[in-house]
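The values are calculated or read from the model by the stated rules, or taken from the named source; none is laboratory data. Because the structure is predicted, anything quoted here is derived from the model rather than measured. Positions of Cβ are generated from backbone atoms using ideal geometry, with glycine treated the same way; all protein chains shown enter the neighbour counts. Only protein heavy atoms, including side chains, enter the accessible area calculation; ligands, DNA and RNA are left aside. Shrake-Rupley method; radii C 1.70, N 1.55, O 1.52, S 1.80 Å.
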Amino acid sequence: MIGNLDNLLNFTNDLFQRKELKPVLAQVAGVAQYLWDRGWAERNAGNFSINVTGFFQEKDFGHFASFPFFPLSKEYPGLVRTIFLVSGTGTRMRDMAHRPAENLCFVYISDSGSAFHILGDHREGDCVKPTSELVTHLAIQQQLLQKKSPEKVVLHAHVTELIALTQLAQFKSEEAVNSLLWSMHPETMLFLPDGVGFVPYTLARTEHIAASTLGKLKNHKAVLWEKHGCLAVGITLPDAFDTIDILAKSAKIYLLGKATGMEPEGLTPEQLKEIRESLSG
Ligand code: 2HA
Ligand code: ZN
């Protein structure tokens, strides 16, 4: 590190203590606990990123280039000098719920847009590194900024009920899965009138899954990753969680109905049309 080392370390020591960040950390802890309680975050499953650039002042940014530097395999011109609070790779949501600061890191995108710095006090050895799905998070965060979207959060989880649904051959298309999810619960049409995007099975942690997800998020606020999980954007972390929760509820209602040995009836097309029309009224 260069510059005034003590000032820099004082600054970073205080990162998680900043009063503006307290409500964000409380939301992180709350949502991490929900994910764990619902069984949607086994081992180190699930990850999120939160754009926290607005919590910092331009004058602070000069310091950030001194922190450990990690090249990215791609350039993100739309993310230059932005800051994200990101879940750490290998961390557990059940730990995040109790000790968020120990399981998160601050990622600052460099002036070139092709590397990031991890902000923090790195004197005591290895720092927490960002999630293995970072490329997907960055691609989406860049698209959100370019569209001037109010959403600042990307959340991914291993939602059992939704994964189960994508294991069934008849739901492996956007059309089929949306008509099922809408028909199982009125809230799904109310809160997700654009439905959910469907990404056919793709290896995780790759540019490929990032690109496919990005395409789907142009018209949806949530995406299913076949046989893997779900991802949603939100204004806040609880907002992204709520979207996933509604989808999971619909899937669960279907699976519970099926488990009785009978075929769930579902809302009729007329009932769904009525809900849709009530939205524009
Ligand atoms: O964070 O969920 O998709 C671990 C994962 C990878
Ligand atoms: Zn995953």
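Summary table below
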item: For the chain, convex hull of alpha carbons as volume per residue, Å³; result: 129
item: Cross-link pairs beyond the 32 Å C-alpha cut-off, checked among 74/218; 19/216; 129/227; 252/273; result: 19/216
item: In degrees, nearest ten, helix 22-37 long axis to first principal axis of the chain (Cα); result: 40
item: Potential lengthening between residue 227 and residue 89 on full extension [0.36 nm per residue; Cα-Cα distance subtracted]; result: 47.6 nm
item: Cα-based helix-to-principal-axis angle, 134-146 vs the chain, degrees rounded to 10; result: 90
item: Region 87-161 - percent of accessible surface contributed by carbon and sulfur, probe 1.4 Å; result: 47
item: At R0 = 41 Å, FRET efficiency that the Cβ-Cβ distance of residue 164 and residue 75 yields, to 0.05; result: 0.60
item: Partners for residue 258 among aspartates and glutamates (Cα-Cα distance below 16 Å; same-chain residues under 8 apart left out); result: 161
item: Gained length - residue 26 relative to residue 65, 0.36 nm times residue gap less alpha-carbon distance; result: 11.2 nm
item: Accessible area (Å², per residue) of the chain, counting only protein heavy atoms and a probe of 1.4 Å; result: 47
item: Using alpha-carbon coordinates, inclination of helix 269-280 to the longest axis of the chain, degrees; result: 40
item: Region 181-268 - percent of accessible surface contributed by carbon and sulfur, probe 1.4 Å; result: 60
item: Compactness relative to 2.2 N^0.38 Å, alpha carbon Rg of region 123-281; result: 1.10
item: The chain - percent relative contact order, Cα under 8 Å, separation 6 or more; result: 19
